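Just so it is clear, none of the values below were taken in a lab; they were calculated from the coordinates. These numbers come from a predicted model, not from an experiment. We place every Cβ from the backbone using ideal geometry, glycine too, and count neighbours over all the protein chains shown.
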Amino acid sequence: MASNSCTNFYNFLTQELNELHQSFYSHNNNFMSIQFISNVLSSLQSFHSQLTLLVQNLSLPVGGKWLDEYMDESSRLWDICHVLKSSISGIENYSSSGSNIATSLDGYHHLNPELSHQVIRTINISQREILGLEEENKSLMETRIHSLSQCLNQNISLESKLNEFNGFRGVLYAMKRVSSLLLMILLSGVTYCWSSSCFDHQGYEGNIAFGSSFTVSMARLQQKVGKEIEKINGLPGILFLEFQQAKIAMEELKVVLERTIVYETQYEIQVKVENFKSCFELLKCGVENLTGKVDDLFDEIVEGRKKILDMCSHK
C-alpha cells in the first residue's frame, strides 16, 4: 500500500513536470508569461496538496522525525511565497502607475507640450521606481537563490535512508528538489534573474540517460528553462513577459512624446498610447491572477499543516 502510494506520487510529479516542459512547445513566446508562471504556481500548489494526502495515507509514526522534515519543507515554501507576494505587489504598483498614466491620456487626441511634459515626468518617476524595485528584489534573491540551487543540485545516493518512513523520506527529498526548481523559476520570473547560470547543472546527460522518469523530467525542464533564459539575452532583472512588454511600451511612449514636443506626430502618438494601454491592461489582469494563485498556495500550506497536525493528535 505504502509503496503504491509513493509510486503514484512520483508519477504525479513526473506528469506535471512533463506538462510544464511541453507548454514551451504548445505556445509560442510563452516563456515567463502570465500563463506559464500561473501554471508553475498551480503545479506547486498541486504538489503540496498531493504530498499532504500521501502523508495521510502512509502509516507514519506519531511525532517522528518525518513530521519535523515535513514542517521544515512547508515553512521553506511559506518563506519564499512571501518573497513572491512582495515581488508581485511591486509589479502591481507599477501596473497602477501605468494605468494612471493611461487615464490621464484619455480624451486627448491632440497633446499639447504642457501635457506631454507632465506625462513624461510621471513616466520618469515610474521608471525610477521600477529600477529601485529591481534592486530591492536583487538583494532579496541573493541568499535564497543560492540555497535553492544547492538543494536542487545535491545528490543523495543512500537508498536505505530515502526508504525510511515507508519511503516518505525519499518522497520528501524529491519534493524538495521539485519545489526548488519551480521556486527558482518563479523567483526568476517575478523577482529577479541574474542569468541562466542559476539553472546550470552538470548532471543533465546522466539524469536524462540513466535516471528515473521523475529525474529525467526534472532535468529536461531545468535545462529548457536555462536555454530559454539564454535566448532572451537581455539585462538582468524581472523576466515576467507582460511586465517586460509594459516597460517597452512605456519607454516607446516617452520617446514619441519627447519628439512630439518638437514635431507634430499625433497619429504616431495614438498608436503608442493604444499599445501602452493594452500592455498595462494585460499586466494588470496578469498581476491579479498571480496574486490569487499565491494566496491559494498560502491557504494550501496552512491547510496542509493543520491536517497533518490534526492527524498526529488524533493518533
What tally of residues in the stretch 5-45 results from selecting those that are aromatic (Phe, Trp, Tyr) and under 18 Å from residue 300 (Cα atoms)? 2
Looking at the stretch 37-54, which of its residues are touching a helix residue (DSSP H, G or I) at 6+ places or on another chain (Cβ under 8 Å) and over 20 Å from residue 239 (Cα atoms)? 45, 46, 47, 48, 49, 50, 51, 52, 54
Hey, can you tell me all the residues within the stretch 85-121 that are free of Cβ contacts under 8 Å to residues at least 40 places away in the same chain and not in a helix (DSSP H, G or I)? 106, 107, 108, 112
Taking the stated definitions as given, is residue 281 surrounded by 15 or more Cβ atoms within 10 Å (Cβ to Cβ) and among the charged types (D, E, K, R)? yes
Does residue 123 count as of a type outside the set (Ser, Thr, Tyr) and closer than 17 Å to residue 277 by Cβ? yes
One residue from 106, 68 being charged (D, E, K, R) and either under 18 Å from residue 277 (Cβ atoms) or surrounded by 19 or more Cβ atoms within 10 Å (Cβ to Cβ) (or both): 106
Exactly one of 82, 48, 21 is in contact (Cβ under 8 Å) with a residue 24 or more places away in the chain, over 21 Å from residue 228 (Cα atoms) and in a helix (DSSP H, G or I), and that residue is 48
Please verify whether the stretch 53-75 includes one or more residues that are more than 28 Å from the chain's Cα centre (by Cα) and over 30 Å from residue 4 (Cα atoms). no
